[in-house]
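No value in this document is a laboratory result; all are computed from the given coordinates. Here the structure is a predicted model, which is why all the values come from computation and not from measurement. Glycine also receives a Cβ, built like all others from the backbone with ideal geometry; neighbour counts cover every protein chain displayed.
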Amino acid sequence: MTAIELLREKLGLDGLSAPLRKTSRPANLAFVDIHACTGCGLCVTACPTLCIESLANSKAGRGGTEPVQIRYQECIGCGLCVEICQHLAQASAIRNYDTNLVEQALSCKIGAEAPQIAGSVEPLDEYWAEEGSFHHMGEMASLRLTSLTDTERAVIEGARLPHG
Ligand code: SF4
Ligand code: SF4
């Protein structure tokens with residue numbers, strides 16, 4: 001079992017594999033602090049709705065890397081990317097935010113369905129980055145590695161990327 005498969009299992013997301021479209025209004029949505037992102041891409045390939053995208057031509061990520069951001073109208077708030085970023089990428093760049101807060105912050109409505117045509121991804125660092133208006137108001141990874149067996153913890157630790 002890979003580390004991402006293990007995280008998916010621990011979050012109860014076994015049935016949620018890509019490509020998936022949202023079918024209800026999620027309670028939470030994930031956003032990236034683009035300045036903390038190393039651009040490793042682990043979350044991009046793991047996201048069940050494939051809604052995480054590189055910010056092309058941006059070098060705003062950690063160490064001048066190209067960061068990613070989430071097309072939030074497609075996000076189902078599953079939290080997998082939050083766990084991956086914290087435990088495997090060691091970047092802690094993604095948080096889950098309450099959907100009501102997101103609607104207030106971005107003056108938008110989050111619907112039960114994803115848009116037919118994917119919107120373009122934006123940096124949104126004025127809201128979700130360290131100096132942004134709503135940073136720290138979201139939830140970080142919920143999985144405690146101490147709750148894993150020694151074998152499971154070894155799988156996670158063996159797959160960790162070095163600090164970016
Ligand atoms: S896992 Fe974290 S550091 Fe890696 S691309 Fe995603 S947000 Fe950036
Ligand atoms: S929470 Fe993260 S992994 Fe889950 S759908 Fe949203 S962006 Fe994708």
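From the phi of every residue in the range 56-70, what ³J(HN,Hα) in whole Hz does the Karplus formula 6.51 cos²θ - 1.76 cosθ + 1.60 yield, where θ is phi - 60° and glycine or proline is x?
4, 6, 9, 10, 7, x, 4, x, x, 7, 7, x, 10, 9, 9
Looking at the chain as a GNM with Cα springs under 10 Å, which of ALA46, ALA27, ALA60 has the largest mean-square fluctuation?
Of ALA46, ALA27, ALA60, the most mobile in the Gaussian network model is ALA27.
For the range 22-30, just list the computed ³J(HN,Hα) in residue order, Karplus coefficients 6.51, -1.76 and 1.60, θ = phi - 60°, integers in Hz, with x standing in for Gly and Pro.
Going residue by residue, I get 5, 10, 8, 6, x, 7, 9, 9, 8 Hz, with x marking Gly and Pro.
Please list, ordered by chain and number, the residues whose modelled amide H lies under 5 Å from the amide H of LYS22; skip anything fewer than 5 residues away on the same chain.
HN-HN under 5 Å from LYS22: ALA114.
Helix 150-159 sits at what angle to the longest principal axis of the chain, using alpha carbons and giving 0 to 90 degrees rounded to 10?
On a 0 to 90 degree scale, this one is about 60.
Using 5 Å bins from zero, what percent of all Cα-Cα pairs in the range 1-87 falls into each bin?
Final binned percentages: 3, 15, 26, 24, 18, 10, 4, 0.
What residues have an amide H closer than 5 Å to that of ASN28, excluding those fewer than 5 places away on the same chain, when H is modeled at 1.01 Å from N in the peptide plane?
HN-HN under 5 Å from ASN28: THR99.
In the chain, how does Rg compare with the Kirkwood Rh, expressed as the Rg/Rh ratio over alpha carbon atoms?
0.95
How large is the dipole of the chain about the Cα centre if only Lys and Arg carry +1 and Asp and Glu carry -1, each at its Cβ, rounded to the nearest 20 debye?
Numbers: 13 positive and 20 negative charges, 42 e Å.
The calculated dipole for the chain is roughly 200 debye.
Please find, in a Gaussian network model of the chain (springs between Cα atoms separated by less than 10 Å), the residue of HIS87, HIS35, HIS136 whose mean-square fluctuation is greatest.
HIS136
Run the Debye formula on the Cα coordinates of the range 123-164, all scatterers equal and no solvent, and tell me log10 I(q)/I(0) at q = 0.13 1/Å.
The calculated log intensity ratios at q = 0.13 Å⁻¹ are -0.50.
Kindly rank 99-106, 78-85 from highest to lowest mean number of other beta carbons found within 10 Å of each residue.
78-85, 99-106
In the chain, once you exclude exposed trypsin sites (Lys or Arg not before Pro) (DSSP loop, at most 10 other Cβ within 10 angstrom), what's the longest stretch remaining? Kindly include the intermediate steps, with their values, before the conclusion.
On the way: sites that count: LYS109, ARG144.
Excluding the exposed sites themselves, the longest stretch runs over 1-108.
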